[in-house]
Amino acid sequence: MSATIPPYVPGHQLLAGKAVLITAAAGAGIGFSAAQRAVEEGARAVVISDVHEGRLSEATERLQSINGQCVVRGFLADVTDENAVQNLVASAEQVTNGVDILINNAGLGGTKNLVDMTDDEWHRVIDITLTGTMRMTRAVLRVMQPRQSGVIVNNASVLGWRAQKEQCHYAAAKAGVMALTRCAAMEAAEFGVRINAVSPSIAMHDFLRKTTPPELLQELASKEAFGRAAEVWEVANVMMFLASDYASYMTGEVVSVSSQHA
């Protein structure tokens, strides 16, 4: 077992000439890492959204500094608001002259026993994590399908398969994202649009540290095959593969970014 973090993988132009839209991409999580990787992989435009204005502005500046040739824009958007979703997609379409890739990263977790969970706590996790993914997918398919091309990559979780205490709301939402991915992919296939998902086990980032007890994080990481949590860029790398033409025959798939412990 090795807890050594591998070297960061340089870009290989996997998304050369593509325009990418990523939700919840401000901060230090998988979303920002996916945006950074998209810039490094040669995307012509990267549009990010978030609900935090300060972090969004900072993230946009950081991304632009990586490659001045890539058009980078940030828009405030709440995926629980249908009007906000419509405005985000319309803005991204205008800025990029056509979104080629959507990465649905927005999600909300938490730790709560089911018997102590309120309806509001349940609905909020479902609304952001599952219904928000549906809203974004629906809106983007409406512009991708007439063009007969496009790729959507969703962020699911191994908790869609794997049982864990105090995760009923989050696990149910992520299992829903998996099912949404599979069914929407069948509808989109006839229009040349691919939809897949990644399913990470545990990827370490600041928000996770704030919302999860440290002893639980240590326990979960120690159970992984490499004895550590994933780096967020390791998950983003798989997203880049699914978004690229290398995955041209894959649709409706949920790719586990983990060691597959059941």
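For the range 68-107, a residue qualifies if it is more than 27 Å from A247 (Cβ to Cβ) and either charged (D, E, K, R) or without any contact (Cβ under 8 Å) to a residue 24 or more places away in the chain (or both), and the qualifying residues are G68, D78, D81, E82, N83, A84, N87, A90, Q94. Suppose we filter the range 221-262 for residues that are over 15 Å from M204 (Cα atoms) and of a type in the set (K, R); how many remain? Result for the range 221-262: 0.
If you check G27 against the conditions, is it of a type outside the set (A, V, I, L, M) and over 16 Å from the mean Cα position of the chain (by Cα)?
Numbers: of a type outside the set (A, V, I, L, M): yes; over 16 Å from the mean Cα position of the chain (by Cα): no.
No.
From the set of residues in the range 5-52 that are among the basic types (K, R) and in a loop (DSSP other than H, G, I, E, B), which is surrounded by the fewest Cβ atoms within 10 Å (Cβ to Cβ)?
Going residue by residue through the range 5-52, those that are among the basic types (K, R) are 18, 37, 44.
After this cut, where a residue has to be in a loop (DSSP other than H, G, I, E, B) as well, the list is 18, 44.
Numbers: K18: 22, R44: 16.
The selected residue is R44.
Entry remark, the range 30-51: residues being closer than 18 Å to Y8 by Cβ, within 13 Å of the chain's Cα centre (by Cα) and of a type in the set (V, I, T) number 1 in total. Of all residues in the range 27-40, those that are on the phi > 0 side of the Ramachandran plot have Cβ atoms under 8 Å from Cβ atoms of residues that are of a type outside the set (K, R) and buried (at least 23 other Cβ atoms within 10 Å of the Cβ), 6 or more apart or on another chain, in G27/D50; G27/A59. Filtering the range 142-184 to residues that are of a type in the set (A, V, I, L, M), modelled with pLDDT of 95 or more, more than 16 Å from the chain's Cα centre (by Cα) and surrounded by fewer than 20 Cβ atoms within 10 Å (Cβ to Cβ) leaves V143, A172. Evaluate the range 63-84: report whether one residue or more is farther than 24 Å from T137 by Cβ, polar (S, T, N, Q) and not in a helix (DSSP H, G or I). Within the range 63-84, one or more residues are farther than 24 Å from T137 by Cβ, polar (S, T, N, Q) and not in a helix (DSSP H, G or I).
Run E215 past the list (1) at pLDDT below 95; (2) under 24 Å from T137 (Cβ atoms) and report the number of the one that doesn't hold. That leaves (2) as the condition not met.
Answer with yes or no whether G54 is free of Cβ contacts under 8 Å to residues at least 40 places away in the same chain and within 20 Å of A106 (Cβ to Cβ). Give the derivation first.
On the way: free of Cβ contacts under 8 Å to residues at least 40 places away in the same chain: yes; within 20 Å of A106 (Cβ to Cβ): yes.
Taking the combined requirement at face value, the residue satisfies it.
Restricting attention to the range 221-255 and to residues that are more than 13 Å from the chain's Cα centre (by Cα), among the polar types (S, T, N, Q) and at pLDDT 95 or above, the residue that is surrounded by the fewest Cβ atoms within 10 Å (Cβ to Cβ) turns out to be S248.
The values are calculated or read from the model by the stated rules, or taken from the named source; none is laboratory data. Not measured: the values here are computed from a predicted model. As a convention, Cβ positions derive from the backbone with ideal geometry for all residues, glycine included, and neighbour counts pool all protein chains shown.
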